[in-house]
Amino acid sequence: MEEIIGTLAGIFMTIAAVPQIFRAWKTKKVDDVSPKMFLVLTIGVSLWTVYGIMKQDAPIIITNGISTLLNITMLVLILKFKKK
């Protein structure tokens, strides 16, 4: 049961950024999105990925690795579309 809850938590945390990424991509507007929040989140999930590697825990590695990539994607979109 713990494995199922952990995996589901990882999946939901991973997909949390997807709606924001789609919206930013579609509208090309990111002025109301906090780059600092996405930077901190990216650091956090990156560290979770490293932790998963150290523990050899595939669900932690996979979900947080994907989260890292998604959050980096959002940071790139923020840099690309942010009005100067």
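The values are calculated or read from the model by the stated rules, or taken from the named source; none is laboratory data. Everything numeric here is computed off the predicted structure, so don't read it as measured data. Because the Cβ atoms are built from the backbone with ideal geometry, glycine has one as well, and the counts that use them run over all protein chains shown.
All of (1) in a loop (DSSP other than H, G, I, E, B); (2) charged (D, E, K, R); (3) in contact (Cβ under 8 Å) with a residue 40 or more places away in the chain hold for E3 with one exception: (1).
Note on the range 6-29: residues that are touching a helix residue (DSSP H, G or I) at 6+ places or on another chain (Cβ under 7 Å) and free of Cβ contacts under 8 Å to residues at least 40 places away in the same chain total 0. One residue stands out among those in the range 30-40 that are without any contact (Cβ under 8 Å) to a residue 24 or more places away in the chain and not acidic (D, E): the one that is surrounded by the fewest Cβ atoms within 10 Å (Cβ to Cβ), which is K36.
Considering the range 60-82, the residues that are buried (at least 20 other Cβ atoms within 10 Å of the Cβ) and among the polar types (S, T, N, Q) include one that is farthest from the chain's Cα centre (by Cα), namely T63. Residues in the range 20-65 that are among the β-branched types (V, I, T) and touching a Ser or Thr at 6+ places or on another chain (Cβ under 8 Å): I21, T42, V45, T49, I60, I61, T63.
When I43, I78, I53 are checked against the criterion of being touching a residue at least 12 places away in the same chain (Cβ under 8 Å) and out of contact with any strand residue (DSSP E or B) (no Cβ under 6 Å at 6 or more places or on another chain), a single residue qualifies: I78. Do you know which of the residues in the range 1-29 that are surrounded by 13 or more Cβ atoms within 10 Å (Cβ to Cβ) and polar (S, T, N, Q) is modelled with the lowest pLDDT? Residue satisfying both the conditions and the ranking: T7. The residues of the range 32-51 that are under 19 Å from V18 (Cβ atoms) and either part of a helix (DSSP H, G or I) or under 9 Å from the mean Cα position of the chain (by Cα) (or both), listed by number, are P35, M37, F38, L39, V40, L41, T42, G44, V45, S46, W48, T49. Looking at this structure, is M54 in a helix (DSSP H, G or I) and surrounded by fewer than 17 Cβ atoms within 10 Å (Cβ to Cβ)? In short, yes.
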